[in-house]
Amino acid sequence: MPNISNNYDSLFQKFRLGLQNWCRTGKEPSAGDQDMKYYLDLQEKRLKDHELIMEMDMESEEEIMSVGQVSENIPIIGSGFAKFSKSLYAQYLNRSVKYLRNGKEVFKKADYPVMYQTIISPQPEEKGIGKTSYVCPNCGAVSTLEELQETGCPFCGTRYLMKDLYPKVANFYFVDNGSKSEGTWKSEKNRILFGAAVLSIIQNVYTLITDSDFSLLQAIPTLILGFGLWAFAIYLVYSIWHLIKLIKGGAKATVLIGSTAGSKRKISDTLKQFAADFDYEYFEGKALSLARILMLSKKPEDFVQYKGGALSDSFSDVVDIQYRGRIGVRKVRNVNNRIEVVLDLYLTNTLDQGGKLKQKDEVIEITMYHKADFPVDKSFSILKVQCPNCGGSFDAAKKKCCPFCDSEYDAGISDWIVTKIRRKSS
């Protein structure tokens, strides 16, 4: 994979550091899109409900790599811009995640994944539009489009519906690398050498104490020989342990690839009949975001893009969701002029069960539909949210009912709608 060749390396790092900082402060990464910020906010609340604090550290000595520009021209449904490009970037990481409850560590894991980020960006002439000054249509005060999108008008509190102001990170996930990066191996090698030196010194000191015939002169070559033997022994044990991990990871990956083979083509071929510019990777990120939001929400039935049955506490034990980089498609069909898809999302979830945390590979089945005409709004738009019953203004992009009077509000969102989500298997 070639090294990254444009300025999105800074956005990649900004999001990575923002995600790391979110664990400590609860402030969602500014580089993430609206769906991502929303589900991270929900995850923060879920962690608090379970009296958990999650800390994540991600370090890397490797360069960011461009996996490739996935699409040069993608229409975002209902977007204010006509054309976008979307690219996939990756970086090898050393990652450690730990969970604390009442100050006590209850779970910890260190691994060496590849972090993937999908970045959606506008045409060059449309970059930086978020900083554009805009007059609040409600009170006339001047602020930026970015402010109106993120928190509403800072002067009158009115909320507005508008699409993301790109460039933004639309999706991210980690894939087990199976082997350590060059920087990680250097660190591991230093630990092996240090361990060998300590064990060799301890061995020789013990021999000096217990064997009166053993002299300091003899200790020098013995120390060197012992260092070499201990280093070989530690490296051998380390290699065997790592090989076992590789075999187990390879077996899991083989099953996963077999279960999802052909999914991308099946979805793309079907949906491109209705939208020639259909973009699979954007669709993948949307499906993942919707699933995360519903799995982490305390009241998923209130989410504006969910029109299914009660979920009750179906996912109340989930405190973290990691995508495994694969989607399986079970069904794609056109029913009454709407496209319905049934997908299998392959996830690794962190579960809090009986006060104990564990990570478990799970398959989540999600059913979604979209109008078959796939309308695309090519002009920038900003819509004031005002409840027709009580006049209250709120974030209608995520809530279907007014929080002030509980009246249902039609946000007019033309996007994917979820009708069913369930745990399928593990």
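The values are calculated or read from the model by the stated rules, or taken from the named source; none is laboratory data. Only a predicted model underlies this, so the values are computations on that prediction, with no experimental measurement involved. Neighbour counts run over all protein chains shown; Cβ positions are idealised from the backbone, glycine included. The accessibility values were calculated without ligands, DNA or RNA, using every heavy atom of the protein model including side chains. Shrake-Rupley method; radii C 1.70, N 1.55, O 1.52, S 1.80 Å.
Some observations on this one:
- When the residues of segment 7-36 are filtered to those that are out of contact with any Ser or Thr (no Cβ under 9 Å at 6 or more places or on another chain) and aliphatic (A, V, I, L, M), the one that is surrounded by the most Cβ atoms within 10 Å (Cβ to Cβ) is Ala31.
- Of all residues making up segment 289-341, the number that are polar (S, T, N, Q), buried (at least 20 other Cβ atoms within 10 Å of the Cβ) and in a loop (DSSP other than H, G, I, E, B): 2
- Members of segment 240-267 found to be at pLDDT 75 or above and open to solvent by less than 80 Å² (accessible area, probe 1.4 Å), listed by number: Ile267
- Cβ separations smaller than 8 Å between residues 6+ apart or across chains give the following pairs from segment 21-41 residues that are within 17 Å of Gln117 (Cα to Cα) to residues that are of a type in the set (Val, Ile, Thr): Pro29/Val169; Ala31/Val169; Gly32/Val169; Asp33/Ile120; Asp33/Val169; Asp35/Ile293; Met36/Val169; Tyr39/Ile293.
- Residue in segment 351-360 that is of a type in the set (A, V, I, L, M), within 21 Å of Leu290 (Cα to Cα) and modelled with pLDDT of 80 or more present: yes
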